[in-house]
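In what follows, a single structure is set out as structure tokens and then discussed.
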Amino acid sequence: MTNIIYTKDLVKYFPVKSGLFGRKIGDVKAVDRVTISVRKEETLGLVGESGCGKTTLAKTLIRLYKPDAGQIFFDPEGKIPDTPLIQSHDGILEIAKIEGAKLRSLRRFMQIVYQNPTTSLNPRMLVKDIVAEPLIVQGICKGAEAEARVLEILEKVGLGREHLYRYPHEFSGGQKQRIAIARALITNPSFVILDEPTSSVDVSVRASLLELFKEMQKKMNLTYLFISHDLSIIEAISDRIAVMYLGKVVELAETKEIFNNPLHPYTQALFSAIPVPDPESKRKRILLPGEPPSPVNPPIGCRFHPRCLYAMEICKQVEPKLVEVRPKHLVACHLY
Ligand code: SF4
């Protein structure tokens, strides 16, 4: 098994400023020493409450944000071994700090589809120009070649020639998202972030978009990081699932394993909220006490300890590490 991306102790903070002179008074610790890998051609689902750092982690992985510390290894061909890397080697780049032309040349391999296509598509541009833009900006091709590639990708996502000369407002929500998908895929990327890509469309369109993502993954050998707060969607599309809480990944396992046997107390609570169709089912909803603490001032030790039903003395002092407690099942908790 090889990986397309691998991070080591990745950190992304945002400064909190106050007063007349905008003096820095702290940091929002959005992503705090996250070590994670995404396997070649898999869909890794990323879940957690809103504000836990999912989108920040995703945007830092593809260098839309510059990390404050840590390493990101990226290989468009997905040749990163499972054993952690220390330095760039064999064409595998450490991209946490690269800038300028080097970073621009990687952009074509890493793309993102946002939640709301109405805000992510320029309302004053024609579809043909919206979809061609990444090709032009990245100097891949232009003119007739770009137009041919636009048409080809539009047809792949279920649109066609008749849509080329229209503006985004002439389309339904689902069609707009297809345009956004076409724009993300036109550079033939290897790694695509799907950030809540179905949450702005209704249920029937949602199913067809999920099918489209799966189809495009097969056709184009894509690797996805799929962010969603909807666990049924995550279950339907993911090969593995990572659970985030307050800037940390607290559990990571294959989809079936994590749904059947969630080990971290936070995951257990999160998954207990999924409605069960069987009225005889004994599964009880676990209600967590309190609100998630502020990421500006997260609790010492295990960040989940003020809300955890199993918290012990050690949890208040020592931060648990993400370790493999069952085959391919990683958990950060002192219970294991
Ligand atoms: Fe709960 Fe302690 Fe595990 Fe944190 S480390 S989840 S507080 S038992």
(request) Select from the range 150-176 the residues that are surrounded by 15 or more Cβ atoms within 10 Å (Cβ to Cβ) and of a type in the set (Lys, Arg) and list them in ascending order. (result) LYS156, ARG166, LYS176
(request) List the number of the failed condition for ILE274; all other conditions in (1) under 19 Å from LYS328 (Cα atoms); (2) in contact with a Ser or Thr (Cβ under 8 Å, 6 or more places away or on another chain) hold. (result) (1)
(request) Quick one: count up the residues across the range 322-336 that are without any contact (Cβ under 8 Å) to a residue 12 or more places away in the chain and surrounded by 12 or more Cβ atoms within 10 Å (Cβ to Cβ). (result) 1
(request) Collect the residues in the range 308-336 that are near the ligand (Cβ under 8 Å from one of its atoms) and touching an Asp or Glu at 6+ places or on another chain (Cβ under 9 Å), keeping them in residue-number order. (result) ALA332, CYS333
(request) Filter the range 196-233 for residues that are on the phi < 0 side of the Ramachandran plot and open to solvent by 60 Å² or more (accessible area, probe 1.4 Å) and give the result. (result) ASP202, VAL203, SER204, GLU211, LYS214, GLU215, LYS218, LYS219, HIS229, SER232
(request) Any chance you could count how many residues in the range 150-167 are without any contact (Cβ under 8 Å) to a residue 40 or more places away in the chain and in a loop (DSSP other than H, G, I, E, B)? (result) 4
(request) May I ask you to say which residue of ALA236, ALA253 is under 21 Å from the mean Cα position of the chain (by Cα), surrounded by 20 or more Cβ atoms within 10 Å (Cβ to Cβ) and either within 11 Å of the ligand (Cβ to nearest atom) or at negative phi (or both)? (result) ALA253
(request) Using the structure shown, decide if TYR310 is open to solvent by 50 Å² or more (accessible area, probe 1.4 Å) and either in contact with a Lys or Arg (Cβ under 7 Å, 6 or more places away or on another chain) or among the aromatic types (Phe, Trp, Tyr) (or both). (result) yes
(request) Could you please find all residues in the range 283-306 being among the charged types (D, E, K, R) and more than 8 Å from the ligand (Cβ to nearest atom)? (result) ARG283, LYS284, ARG285, GLU291
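From the residues in the range 222-279 that are of a type in the set (Val, Ile, Thr) and not in a strand (DSSP E or B), which one is modelled with the lowest pLDDT?
That would be VAL276.
The values are calculated or read from the model by the stated rules, or taken from the named source; none is laboratory data. All values derive from a computational prediction rather than experimental measurement. Every residue, glycine among them, receives a Cβ derived from its backbone with ideal geometry; neighbour counts consider all protein chains shown. For the accessible areas, the whole protein counts, side chains as well, though only heavy atoms, and no ligand, DNA or RNA atoms are used. Shrake-Rupley method; radii C 1.70, N 1.55, O 1.52, S 1.80 Å.
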